[in-house]
Every structure is written in C-alpha cells, then in structure tokens.
Amino acid sequence: MSGKIDAYVDCVSPYSYFAIQHLRRNRKALESHGVEIEYGTRNKPPWTLPAKAAYSKFDLARAAKYFGVPPVKAPDFFPILSIMPQRCMIYIKRNFPRERFETVILALSEWMYYKGIDISKPENLAKLLQEHQYTDPEIQAILGAAKQPEYKDALASNTQKALDHGAFGAPWFWIRNEEGKEEPFFGSDRFAFMWQFLGIPFQDVTIVEKARL
C-alpha cells in the first residue's frame, strides 16, 4: 500500500495546529502503510463571518479536548498576517530536519494562542527560534529569507497550488491513494474519511453501551 498526504497549513489557523498534532502522533502508523506526509505552508487573508466566529468559541474548545491539547484562546491582536512566518517556515523546511520544522510550526501556534505573543513580529519570531536552539546566524538567515524573492514566490506558489485544488481554508489536504486517485479534504475533523480513502484500517468512534445493573 502507498499514498501521499499533501497538508496545506497556516500558523494562523488553530485547526492546522490540531491537524499537525494528530498527523505527528500517527506518522509511524501511516508510514507502516507506505503513506507519506508532505507539508506545504500557505497563506490567504482570513475570511470570517460573525456566525462562524460565534460558533468557533464552542467548536475550538471541543476540538482541543478531542485532540488532547489545552483550549486555545485568540489573542487581542488576532488574526495576524502570517506571510512573514510562513515564508520563514519554508526556509526551515528546506534547510533543517523534518522534526525541527514541525516543532517550530507548532510553536508558532502555541506562542500565539497560549502565550499571547504576536509571532508576525520579527523580534518575537527571533525569540521563539532562539528558544528552540537556533543559533544567531541561523536566525538571521531564517528571518532574512522572508524578504527574498525565492521564498516570497515559494509561498505564493504553495497558496496557488492549494487554491487550484479548491482550497477554501486551512488545514487543506490533497491526498493520493495507491490507485493513483486524488481527492481534497478540508479541516481537522475529516481524518476518518481520509483513512477510508487511503484504504487504511482504523478504529472509528464507537459508542460503548452502558452496562445494565
């Protein structure tokens, strides 16, 4: 069996945070079935509706509980323009091991939602990178990449590729199964559908019958 998951994520999306956590926890199981995970950072200005915002305060708490992470809280400066950190993440992905990339992209969300720190500001992003054992020259190279045409174009290309696949939010998954068929999946609550499409055996949500006295 083989397959591939192209995961388009944005650090401004708490649901991307949940999805990355879940994929990391299940990476070994996925790899045992020959399924590869490839991350692509993307950016598109947030689009919100009052009704969706009102619903999210309930849904985010439920999702955080389900994925086993503390409840997220949007800071006063939310939403941010995540172009700069997303470009930096492309540089990290290309130049450092996968584990360091995943650790930092999760930290971006954690600093914003749990510490209330605006990671779109270069000085705050530099502190985050320093905390994760990046050297001063490495930090300068990472921050400098955000201003380079190569990484500006790379983020624009990732975003356009996701949009060409029909993306309307994050996380967005484009999945190819062993038969070569490809389909899109949206959100952090579609993993059961994704595993079905990939032909991976899994245990779905099962209701446990209450014992009778």
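The values are calculated or read from the model by the stated rules, or taken from the named source; none is laboratory data. All values derive from a computational prediction rather than experimental measurement. Note that we place each Cβ from the backbone using ideal geometry, even for glycine, and neighbour counts take in every protein chain shown. Accessible surface areas use protein heavy atoms only, side chains included; no ligands, DNA or RNA. Shrake-Rupley method; radii C 1.70, N 1.55, O 1.52, S 1.80 Å.
Here are the numbers for this structure:
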quantity: Computed accessible area, His165, all protein chains, 1.4 angstrom probe, square angstrom; calculated: 50
quantity: Residue-by-residue Karplus 3J(HN,Hα) for the stretch 4-17, coefficients 6.51, -1.76, 1.60, Hz, glycine and proline x; calculated: 9, 10, 8, 9, 9, 10, 9, 5, 7, 9, x, 5, 5, 4
quantity: Added length on full extension, which subtracts the Cα-Cα distance from 0.36 nm per residue, Tyr114 to Ala74; calculated: 13.5 nm
quantity: Separation in nanometres of the label points that stand 7 Å from Cα toward Cβ, at Ala53 and Thr103; calculated: 3.7
quantity: Rounded percent of accessible protein surface that carbon and sulfur make up, the stretch 1-132, 1.4 Å probe; calculated: 56
quantity: Unsatisfied cross-links (Cα-Cα over 30 Å) in the set Lys4/Lys115; Lys52/Lys127; Lys28/Lys93; Lys4/Lys210; Lys52/Lys93; Lys65/Lys210; calculated: Lys4/Lys115; Lys52/Lys127; Lys4/Lys210; Lys52/Lys93
quantity: Sequence of Lys73, Lys4, Lys93 from largest to smallest accessible area, 1.4 Å probe; calculated: Lys73, Lys93, Lys4
quantity: Where a label projected 7 Å from the Cα of Phe67 along Cα→Cβ would reach, residues of the stretch 18-41 with amide N under 12 Å; calculated: 18-25
quantity: Accessible surface, per residue, of the stretch 94-158 when the full set of protein chains is kept, probe 1.4 Å, Å²; calculated: 51
quantity: Scaled radius of gyration (Cα, divided by 2.2 N^0.38 Å) that the chain gives; calculated: 1.07
quantity: Label-to-label distance, nm, for residues given as Ala211 and Phe191 (7 Å Cα→Cβ offset); calculated: 2.9
quantity: Sequence of Ile105, Ile207 from largest to smallest accessible area, 1.4 Å probe; calculated: Ile207, Ile105
